[in-house]
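Trainee: Starting off with a structure, shown below.
Just so it is clear, none of the values below were taken in a lab; they were calculated from the coordinates. Since the model is a prediction, treat every value here as computed from it, not as a measurement. Note that each Cβ is placed from the backbone with ideal geometry, even for glycine, and that neighbours are counted across all protein chains shown.
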Amino acid sequence: MDLGRVAEGLAELRSAHAAEAGHPRMATTGALLAVLGHRAATVWGRHELARTVLGWAERTLGDCGDVALMRAHRLSAMGRLGPAADAVRPVLDGSLPVQLRWALVDAGVLDCRLAVLAGRREHARAALDRALVLSESMGVLRPLALGPREVVELLTRLLGSFGARERFARQALGARYGLGVDDRPIGLTDRERAVLRLLPSQRSFGEIATDLTVSHSTVKTHVRAIYSKLGVNSRREAVDRARSNGLIFPGTP
């Protein structure tokens, strides 16, 4: 489902759900199947199926954090940002326990998205930091790697400011690109585009800094952001990927 084969993925989840029915571990497994199925159905516009999965989860799992998170995602997809924030709050503050530990990361990512859309920049940054801390401590990339565009764009813009979590933030972005979530790379800033256009040349980063009238460290920061946004690890890979995506053209500069 993450790769766009939603019909196949949902069919497999339904089969797994039927196979696990009555199993003693059904609470955890059922939460997993419900959360994955509901999220995929919501993202891919299968709203009737999403309602069906949510109804099943409410009846089977009861009043738990995983169900509250599904409600919050549904409200968010409907553009009801205030009610969505209210629905996810008990998950964030721990008053509703979750069956799936990584659902806490997913809740943090959703909290970040809602804050971005509401223009609450400080809250969005704090929510993103919490999601990064939880995600790294659990060793899970999925909620961030497959997060909504608003969160991924914020994560990308803030690269270089995450301190000890910087490497993990870049790993999450690299995983997103590797999964092929977006056909287009995350948008580059004007300064990053200016640096990118000079990468095919033989100029050093110091010379590029002189050309653009910025510091050497600023160019290095832009280059790191470009690498992360394009999902590459070297200057040559960045140039090749930028050309294949139409960001620069053969012969540039």
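Trainee: In a shell of Cβ-Cβ distance under 14 Å around Ser135, excluding Ser135 itself, what net charge do Lys and Arg (+1) and Asp and Glu (-1) give?
Mentor: Net of charged neighbours comes to +2.
Trainee: While we're on this one: Projected area of region 190-244, taken from the Cα convex hull and averaged over every viewing direction, in nm²?
Mentor: Averaged projected area of region 190-244's Cα convex hull equals 3.3 nm².
Trainee: Same structure, new question: Listing Val67, Val152, Val239 from the residue with the fewest other Cβ atoms within 10 Å to the one with the most, what is the order?
Mentor: Going from least to most buried by this count: Val239, Val152, Val67.
Trainee: With all pairs of different alpha carbon atoms counted, what Kirkwood hydrodynamic radius in Å does region 56-112 show?
Mentor: Computed over Cα pairs of region 56-112, the Kirkwood hydrodynamic radius comes out at 11.0 Å.
Trainee: Moving on to the next point. Excluding Val232 itself, what net charge comes from residues whose Cβ is under 10 Å from its Cβ, given Lys and Arg +1 and Asp and Glu -1?
Mentor: +2
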